[in-house]
Every structure is written in C-alpha cells, then in structure tokens.
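Please read the structure below before turning to the comments.
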Amino acid sequence: MNFQLTEEQELVRTSVREFCKKYVEPIAQKVDQEAYFPMENFKRIAEQEWTGIPYPAEYGGAGADFLTYILVVEEMSRACATTGFTVMLQNALGYTLYKFGTEEQKKKWLIPLNKGEMLGSFALTEPGAGTDAGATQSTAVLDGDEYVLNGTKMFISNAPIAGVLIIVAMTDKSKGTKGLSAFIVPADTPGLQIGKHLNKMGIRGSLTAEVIMKDCRIPKENLLGKEGQGFKMAMMYLDGGRIGIAAQALGIAQAALDESIAYSKERVQFGKPISSFQAIQWMLANMATDVEAARFLTYHAAWCYDQGKNYSKEAAMAKLFATECAAKHTNRAIQIHGGIGYIKGHKVEQLYRDAKITEIYEGTNEVMRMVVSGSVLR
Ligand code: COS
C-alpha cells in the first residue's frame with residue numbers, strides 16, 4: 001500500500017494552490033454574492049489543461065490519471081466551491097463521449113470540451129424524475145434521419161452557458177430503463193429552450209436552469225452509443241461524478257477546518273485564545289479526523305478507477321462520507337466563529353451554504369446508501 005502521491009500529482013496540487021491564491025480566492029465572495037459564472041477563470045483553467053485531465057491528449061485531454069483530476073477539484077473547491085464544481089463537471093462530461101462516442105463524435109465534441117473551448121451539460125433530471133431516474137418522461141422519436149426530442153429537464157448545471165448538452169430521453173417506453181437513450185444536442189438546436197438561471201442557496205456562480213425541448217430535431221448520428229444504453233450510461237457517468245463531488249465536499253470541509261484553526265488561534269476570550277479551550281480543541285480534532293477519513297475514501301475511490309477496478313460502491317461511500325463531513329463541519333465552523341460566522345459574506349457562512357448541495361446532487365445521499373447497501377447485501 002502506498003500513501004504517497006507521485007511527484008507529478010504533488011506538482012499539480014502545488015500549481016493549483018498557487019493558481020487559486022492568484023485568481024480564484026480573490027473573487028470567490030463576488031462569485032457567490034453576484035451569482036456570476038467566473039468565465040475569465042474558466043478560460044485560465046482551460047489554459048492549464050485542467051478541463052479534460054483524465055483523457056488522452058489525442059482527444060484534447062491532459063493524459064493524466066483520475067486521481068490528479070480529483071486533487072484539482074479538491075484544491076479548487078477549497079478556494080471556491082463554484083469553481084471546483086465547474087472543473088468537476090467539465091471533466092466528468094467527457095466520460096460518456098469517451099466511452100461510448102464514435103470517432104467522429106469524439107472529434108466534434110470531446111476535443112473542444114476537453115480543451116475547455118466549449119462548456120457542456122449533462123441533462124438527466126426531470127421535474128418528475130430525480131432519484132427515480134428511470135421515470136424519465138422526455139421522448140426521442142426517430143423520424144427519417146432525425147430524432148425529434150420533446151420534454152423538460154430540471155436543475156441542469158451549466159445549461160445557460162453550455163455549447164452542447166447530453167440529454168437522456170425515452171426511445172421505447174415499453175422497455176423501462178432499457179428504453180432510455182442518450183443524445184448529443186447542440187445548444188443552438190431549434191426548439192431547445194433554456195429557462196431562467198435558478199437562484200440557488202449555494203454554489204451560486206454555477207448556472208443552473210430548466211431545459212425545454214419542443215420538437216427539437218437532431219441528426220440521428222447524434223445518438224450516443226446505442227438505443228437503450230442511456231440509463232446504464234447515466235449510471236456509469238454518475239459513478240465517476242460522485243467521486244468528483246466527494247472531492248468538492250472534501251475541499252469545502254478542508255476550508256472549514258483551515259478557517260476554524262486560524263480563527264480559534266486569534267480569537268481571545270477570558271484572556272486566552274479560544275484554541276486553548278478543550279471544547280474548541282475537541283471540535284477541531286473531530287473535524288480534522290473526519291476530513292482525513294473523507295480524503296482517504298475519496299482518493300481510494302479514485303485509485304480504484306485508475307486501477308480499472310469496480311468503483312460504484314467506493315464512489316458512493318466516498319460521496320456519502322465526504323459530503324456529510326462537509327455539511328457537519330461547515331456547521332461546526334460557524335459554531336467556532338460564533339456571531340461573526342453567521343454574517344453574510346463571511347467565508348464560513350458561504351461554505352455552510354455551498355456544502356449542502358453536495359448531499360443532494362449527483363445522487364442524493366439516500367441513493368448513496370441504496371448503492372452501498374445493495375453492494376454489501378449482494
Ligand atoms: N453502472 C452500470 N450499470 C448500472 C449501474 C451502474 N452504476 N447501476 C445500475 N445499473 C444497471 C443495472 O445493472 C440494471 O441493468 P440490468 O437490468 O441489465 O442488470 C439497470 O441499470 C437498472 O438498474 P436498477 O434496477 O438498479 O435501477 P433502478 O431504477 O432501481 O435505479 C438507482 C437505481 C436509484 C440507484 C438509480 O436510479 C439512481 O442512481 N438514481 C439516482 C439518479 C441520480 O443520481 N440523479 C442525479 C442526477 S445529476 S445528473
């Protein structure tokens with residue numbers, strides 16, 4: 001067993017830290033308060049080749065391993081959860097195209113996504129199909145050389161700024177989850193409407209919207225994989241995505257710990273820094289222990305991915321533990337800060353709001369428990 005990161009992984013982590021100090025941290029509060037997408041930083045991130053990290057160079061990627069991608073998401077999220085999520089999403093998106101796309105589809109869509117020349121979205125969730133992804137109502141009907149898509153997708157990250165969307169729709173209702181298929185839909189397709197940016201509690205700079213398809217025609221070549229592979233594809237996409245969300249939560253939890261340590265050393269009460277009180281020391285000890293445990297679970301899931309082992313259960317465990325760690329300890333961080341931590345615009349107040357979504361998206365933690373229990377009871 002080797003707990004040491006490689007020299008390359010350490011180098012990337014140091015570079016991301018320096019990058020964040022220079023570009024990400026200074027605008028993190030503004031991104032939250034003004035709910036704006038930090039496009040200028042996204043372009044800089046793309047220049048660093050952090051938008052397609054685990055994909056081969058021939059497809060516009062950086063040709064690094066999955067763990068390197070996870071380290072980048074962790075460090076970015078420590079500085080700004082919106083930016084961490086943006087990096088996570090862009091890297092995760094390439095997965096279905098890379099695994100199921102034709103050479104032509106890879107050239108046309110995967111390369112610009114990996115190079116960060118274009119943003120993308122993965123559209124699975126619907127108003128009536130969240131956790132129950134198999135209940136998808138959107139339809140895709142083959143008409144000559146085109147598929148005609150109709151339906152509504154909900155809570156779609158990046159939808160207002162995406163150049164392309166991967167949309168899951170029903171091609172054969174009689175087959176249940178095996179009747180779902182995935183499609184590559186350019187954002188400028190007539191009939192595709194993007195709703196208003198939703199005003200979220202956290203990760204406010206990440207733009208989220210409804211996507212409406214009204215007789216949206218796409219060439220039949222835009223079917224990804226085969227008809228009927230959509231559900232499996234979505235589940236596989238989500239397995240990898242969950243390691244990314246675990247990394248985002250880990251970064252948020254680490255930031256809460258960093259802030260709490262620094263504040264407890266400088267805040268004086270009863271003539272002493274509050275770090276000298278056992279109540280605070282124990283909170284910090286619990287935080288530090290959980291953060292480290294979350295890190296091991298997350299890195300282990302990434303390692304399983306890199307080793308070509310099954311990682312469904314490991315991804316669900318990492319996401320479950322790391323996101324609950326983030327939610328619990330951002331709360332504790334506010335407790336350590338007292339009143340000042342409850343004031344809008346304070347870093348720990350933002351972390352607390354940013355942490356909550358990690359327990360919900362890419363599969364709720366109830367789904368994570370279903371995946372883990374399904375695996376251990378098999
Ligand atoms: N990888 C590959 N295939 C998978 C899979 C995975 N991780 N999980 C399930 N499948 C396959 C199953 O093997 C099964 O195929 P077979 O019938 O050939 O064996 C098929 O998919 C259906 O699986 P299952 O019966 O378990 O599906 P359910 O409808 O019961 O759904 C849950 C299971 C709840 C786990 C699934 O719907 C889910 O993950 N929901 C959460 C969705 C989500 O995360 N949404 C967030 C979206 S953010 S884009």
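The values are calculated or read from the model by the stated rules, or taken from the named source; none is laboratory data. Quick caveat: nothing in here was measured; it's all calculated off a predicted structure. Please note: Cβ atoms are built from the backbone with ideal geometry, for glycine as well, and neighbour counts cover all protein chains shown. The accessibility values were calculated without ligands, DNA or RNA, using every heavy atom of the protein model including side chains. Shrake-Rupley method; radii C 1.70, N 1.55, O 1.52, S 1.80 Å.
For the reader, a short list of remarks on this structure follows.
- Just checking the listed ones, 296, 321, 231: in the Gaussian network model of the chain with Cα springs under 10 Å, the one fluctuating most is 296.
- Cα-based helix-to-principal-axis angle, 25-34 vs the chain, degrees rounded to 10: 60 degrees
- Accessible surface of region 223-346 [probe 1.4 Å, protein heavy atoms]: carbon and sulfur percent: 57 percent
- The relative contact order of region 251-378 comes to 29 percent, based on Cα pairs under 8 Å that sit 6 or more residues apart.
- Per-residue ellipticity at 222 nm, computed for the chain from helices alone with -39500 (n - 2.57) per DSSP H run of at least four residues, works out to -16500 deg cm²/dmol.
- Here is the list for region 1-97: chymotrypsin sites (Phe, Trp or Tyr not before Pro) lying in DSSP coil, each with at most 14 other C-beta atoms within 10 angstrom of its C-beta, are 3.
- Relative contact order, percent, the chain [alpha-carbon distance under 8 Å, six or more residues apart]: 16 percent
- Taking the C-alpha atoms only, the angle from helix 278-306 to the longest principal axis of the chain is near 30 degrees.
- Probe 1.4 Å - accessible area at residue 268, Å² to nearest ten: 80 Å²
- With contacts taken as Cα pairs under 8 Å at a separation of at least 6 residues, region 9-140 carries a relative contact order of 23 percent.
- Crossing angle, helix 230-266 versus the chain [Cα axis fit, 0-90 degrees, rounded to tens]: 20 degrees
- Among beta bridges identified by DSSP and lying wholly in the chain, the antiparallel ones come to about 85 percent.
- Shape of region 239-333, Cα gyration tensor, a/c cut at 1.5: prolate
- Note on the chain: with a GNM built from Cα contacts shorter than 10 Å, the maximum mean-square fluctuation among 17, 267, 78 falls on 267.
- Proximal lysine pairs, region 25-108, alpha carbons under 29 Å, eight or more residues apart or interchain: 7
- Computed FRET value (nearest 0.05) for residue 266 with residue 33, which takes r as the C-beta separation and R₀ as 22 Å: 0.35
- Region 1-70: C-alpha gyration tensor shape, a/c 1.5 cut-off, then a/b vs b/c: oblate
- Alpha-carbon Debye profile of the chain, log10 I(q)/I(0) at 0.10 Å⁻¹: -0.62
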